[in-house]
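*Asks:* This is the structure I have questions about; it appears just below.
The values are calculated or read from the model by the stated rules, or taken from the named source; none is laboratory data. Computed from a prediction, not measured in an experiment: that's the story for all the values here. Here the Cβ positions follow ideal geometry from the backbone for every residue, glycine too, while neighbour counts run over all protein chains shown. Just so you know, the surface numbers come from the protein's heavy atoms only, side chains and all, with ligands and any DNA or RNA stripped out. Shrake-Rupley method; radii C 1.70, N 1.55, O 1.52, S 1.80 Å.
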Amino acid sequence: MAVSADDLSAPLGQKLTRKRRFRLPFSGTQALATILALLLLGFLGVAIFSNDPMGGEPVARVAIKAPAVTEDKTAAKPPVEVKHGTPETAKTPEAPGQKTITIIDGSSGARKDVVVSSDSTDSTAADAPPPVMTGIDQKLLEKTRHGMVPIAIGALKPVTAYAAGSEAERAKAMKTPSISIVIGGLGVGAAKTTDAIMKLPPAVTLGFTPYGSDPGKLVERARAQRHEVLLQLPMEPFDYPDNDPGPQTLLSSATAEQNLDRMMWHMSRFQGYVGVANFMGARFIATDTAMQPIAREASKRGLALFDDGTTPRSVAAAAAEGQGMPFARSDVAIDAVPTSADIDKALARLEGLAKERGVAVGVASALPISIERISAWAKTLEGRGVMLVPLTTAMLKSKSS
């Protein structure tokens, strides 16, 4: 029998009552671990369910005064959507302030990309009419909301006032097989336009589009070199708007009033031209209801009409005949295939037509190869009994024959 220390110290004959000791159900170490666990759970709960993305991170609050916001009143121009006729990889990157438009050759269907100033093709340019050029008869100008446009005063007309060549040369042409050549698409590139002006014979007629940074100065230079000048009116092609001649294009779907207003805009870009011609426009020039008002307005203003042969379905000849106005149509696209051999063949074909019919008309672009071959050919033309004449002379001869 086990005896405790308390039993040994108790008085004899007395039995002590044993005191119960209170004991916790867990040890101190367990209690401390439980408290730490509860604190950790509380911290995790705050971190998980709080919306503060920086919860648990030290935060410093600093008052910051936001700068005053000023409205930018300079509206940026929207980017110009450009349609190209060549693959993306073949295009030349456009410089700031420039845009590329695609020109389609009426006879061959070949597409040529030309770079123009996007500012100059913005229709808002009409708000600042170009100044009147030097050497222009002020009596042959009429003021419009777009600027100064040509007008006829009795028998005095732009087609005769600005015609190139002398009376003696015109008289000789009436008796000699004659060829007229029109170089189109000028004004949109100063370098190629200058080459055409300076390297081609004065008898070559130059067609200018209303676009470019300053077509008026180039036209002045052309007239100073005794070239006859045409204004090319951008007209709707069959695949418009995939191929867009440019702003203010004359459209077959527009009303006559709308197209005439656009025509006025084009006519105000420069002065000194003998007539108007189509720039692209295979659909427009084949639409009688669209073409008739244009021919009537041009005739009223004393201008000639030229058809560059874009489409065989053109009604331009009938429209011009109805107005009794000077008219010519291209017989040959000289650089439809822009190689030396093919250009020489086209020029030889023009000679044959001139000798057969008395007069022939060709069109070309200002490609370097075209300018080179036409210049060389023209130097030998008179020796073969054929004259190179301005377009108005060819028109006169066609009318008299």
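*Asks:* Test of understanding: what is the full-extension gain from Glu167 to Gln138, defined as 0.36 nm times their sequence separation minus their Cα-Cα distance?
*Replies:* Taking Glu167 through Gln138 to full extension adds about 8.1 nm, to one decimal.
*Asks:* Expressed in whole Å with the largest first, what are the equivalent ellipsoid semi-axes of the range 326-396 derived from the C-alpha gyration tensor as the square root of 5 times each eigenvalue?
*Replies:* Calculated on Cα positions only, the semi-axes equal 19, 14, 11 Å.
*Asks:* Any idea of the accessible area per residue across the range 338-401, 1.4 Å probe, to the nearest Å²?
*Replies:* I get 46 Å² per residue for this part.
*Asks:* Calculate what fraction, in whole %, of the accessible area of the range 247-322 sits on carbon and sulfur atoms when a 1.4 Å probe is rolled over the protein chains.
*Replies:* Roughly 48 percent, rounded to a whole number.
*Asks:* Sticking with this one: Pro368: net charge of surrounding residues, Cβ under 12 Å, Lys/Arg +1, Asp/Glu -1, itself excluded?
*Replies:* 0
*Asks:* Here is a follow-up. At 1.4 Å probe size, put Met148, Met174, Met264, Met291 in order of accessible surface, largest to smallest.
*Replies:* Output order, biggest surface exposure first: Met174, Met148, Met264, Met291.
*Asks:* Sum up the charges of everything whose Cβ sits under 14 Å from the Cβ of Ala190, counting Lys and Arg as +1 and Asp and Glu as -1, but leave Ala190 out.
*Replies:* So the environment of Ala190 carries a net charge of 0.
*Asks:* Quick check for me: using +1 on Lys/Arg Cβ and -1 on Asp/Glu Cβ, what's the dipole size of the range 275-361 about its Cα centre, in debye to the nearest 20?
*Replies:* 260
*Asks:* Let me ask you something else. Using only alpha carbon positions, build the gyration tensor of the range 283-329, then give the equivalent ellipsoid semi-axes as the square roots of 5 times its eigenvalues, largest first, whole angstrom.
*Replies:* They are 16, 11, 8 Å, listed from largest to smallest.
*Asks:* Using a simple charge model, +1 on the beta-carbon of Lys and Arg, -1 on the beta-carbon of Asp and Glu, nothing else, what dipole does the range 234-273 show about its Cα centre, in debye to the nearest 20?
*Replies:* 240
*Asks:* Another question about this same structure. Strictly over 21 Å apart at the Cα level, which of Lys143/Lys399; Lys175/Lys355; Lys157/Lys355; Lys175/Lys397; Lys355/Lys397 would you flag in this model?
*Replies:* Lys143/Lys399; Lys157/Lys355
*Asks:* Would you mind working out the magnitude of the charge dipole of the range 331-401 relative to its Cα centre, with +1 at each Lys and Arg C-beta and -1 at each Asp and Glu C-beta, to the nearest 20 Debye?
*Replies:* That gives the range 331-401 a dipole magnitude of about 260 debye.
*Asks:* Determine ³J(HN,Hα), in whole Hz, for all residues of the range 372-388 in sequence, where each value follows from phi through the Karplus function 6.51 cos²θ - 1.76 cosθ + 1.60 and θ = phi - 60°; x replaces Gly and Pro.
*Replies:* Each residue's phi maps through the Karplus curve to give 5, 6, 5, 4, 5, 5, 4, 5, 9, 5, 4, x, 9, x, 10, 9, 9 Hz.
*Asks:* Can you tell me the Rg and the Dmax, both Å, for the Cα atoms in the range 356-401?
*Replies:* 12.1, 35
*Asks:* Can I ask one more? Restricting to Cα pairs below 8 Å that are 6+ residues apart, what does the relative contact order work out to for the range 317-395? Please round to a whole percent.
*Replies:* Taking the mean separation of contacting Cα pairs over the length of the range 317-395, I get 32 percent.
*Asks:* Please sort by residue number the trypsin sites (Lys or Arg not before Pro) in the range 302-393 whose DSSP state is loop and whose Cβ has at most 12 other Cβ atoms within 10 Å.
*Replies:* Passing sites in the range 302-393 are Arg313.
*Asks:* For the range 229-319, what does the convex hull of the Cα positions come to per residue, in cubic angstrom?
*Replies:* 85
*Asks:* Tell me the net charge near Gly352. Cut-off is 15 Å between Cβ atoms, Gly352 excluded, with +1 for each Lys or Arg and -1 for each Asp or Glu.
*Replies:* Local net charge: +1.
*Asks:* Taking only protein heavy atoms and a 1.4 Å probe, what accessible area per residue, in Å², does the range 189-295 have with all protein chains in place?
*Replies:* On a per-residue basis, the range 189-295 sits at 31 Å².
*Asks:* Ok, one more. What accessible area, in Å² to the nearest ten, does a 1.4 Å probe give for Lys399?
*Replies:* 150
*Asks:* Using Cα pairs under 8 angstrom and six or more residues apart, how large is the relative contact order of the range 190-308, in percent?
*Replies:* RCO, the range 190-308: 26 percent.
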